[in-house]
Each structure stands twice: as C-alpha cells, then as structure tokens.
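Remarks on the structure that follows.
The values are calculated or read from the model by the stated rules, or taken from the named source; none is laboratory data. Computed from a predicted model, the values in this text were never measured in an experiment. Note: ideal-geometry Cβ built from the backbone for every residue, glycine included; neighbour counts use all protein chains shown.
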Amino acid sequence: MAGPARKSDRRFKVAPASEVAGRLLAGTMRKRGFVQAEVVTRWADIVGQELAMSTVPVKLVFPRGERMGATLVVRTESAFAPLLTHKAPHIIEKTNSFFGYGAVAKMTVVQGPLPHKTVYQQLEKTPLKPADKGKLEALTGTGELSPLRQAVKSLGEYVLGRNKKD
C-alpha cells in the first residue's frame, strides 16, 4: 500500500560554487567595506592587468549612511606607490564606471606586501623524434582530429619533447 507522496528527506543539495562562496564571503566583505565582492574578484577587469599585478584593493569606505563619495584604499609595494598615486584619477574613473555611478570620490594608497601570485610561463614545444611522433600518432590517430584529441596530441608533444632532450 503506497503512502502519501513525501518531500525528499535530503537536506543537502548541490549548489553552484559561486553561490556558496558568495554567501561565505559576504560578511567578511561587508566588514571590509566591499558591498560588492566583485570589486575584489574582478579587480583585474576594473583597472587592467598591469595595475592588478601590482595592487590589491583593501577596503571601500563610504561616508555614514551614503552610497556615494567613498574612499577606495589600495595596497601596493613601496616602489610602486608614487606611480599609483599619479594614476589615482584613472583608477577612480575605472572603478566608478564599473559601479555605474560615482561611488568612489578619492583613493588612498597604503604601502605593504602583496600576496604572491603564481605566474605561468608558456612552455616551448621541441621537435619530436620520429619514434615519439609515431607513438603519439598511434595514441591520437591520424587525419582530422576532434578538439579533445587535438588537445591530447598537443599535450603529448609537450610531454614527449620535454622528457627526450638529448
């Protein structure tokens, strides 16, 4: 005998990582003055890759009860501070265009260490020996390759080329 349909007893459901991270970071970001966490996560998009490599947004301080005229506090290493101070109007303009209104009125530069960022270096492919080329073609096939097979073949060229330097 079948009973009434019940809701699933499953309490934990799979949620997108961005949704979970947003909920976890919201309180911390608000304490730092970042109403929108995107200022931190999309800093490179806002100011450009060159400035993002040498700067980190620390906090965004709004006047009490206001959502305009904030002070953006940016950390940089001491050698880059004068150049960053010179570029402050440009950074304020870029940040305001990101927000869509005049949220930031001024910028303060704080000198200090930056977090270490991993810079990835592009590897060079070395020519393969005929025997290695034959092994790779046996694995990936010949003729027109699918995108996945093309990626595997390219990876194989890097791996076999690096291991066989002699």
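A few points about this structure:
- Filtered by the rule that a residue be outside the structural domain of PRO63 (by TED's automatic domain parsing) and of a type in the set (Lys, Arg), the stretch 106-128 gives LYS117, LYS125.
- Once the stretch 93-108 is narrowed to residues that are more than 21 Å from the chain's Cα centre (by Cα) and crowded, with 18+ Cβ neighbours inside 10 Å, the residue that is modelled with the highest pLDDT is MET107.
- Cβ separations smaller than 7 Å between residues 6+ apart or across chains give the following pairs from the stretch 140-152 residues that are over 19 Å from LYS125 (Cβ atoms) to residues that are assigned to a helix (DSSP H, G or I): GLY141/ARG149.
- Against the test of being exposed (fewer than 12 other Cβ atoms within 10 Å of the Cβ) and in a helix (DSSP H, G or I), the options PRO113, PRO82 yield a single qualifying residue, PRO82.
- Among the residues of the stretch 147-157, those that are within 26 Å of the chain's Cα centre (by Cα) and either among the hydrophobic types (A, V, I, L, M, F, W, C) or closer than 20 Å to PRO130 by Cβ (or both) comprise LEU148, ALA151, VAL152, SER154, LEU155.
- Screening LEU145 with (1) closer than 16 Å to SER54 by Cα; (2) surrounded by 10 or more Cβ atoms within 10 Å (Cβ to Cβ); (3) not assigned by TED's automatic domain parsing to the domain that holds ARG75 gives one miss only, at (1).
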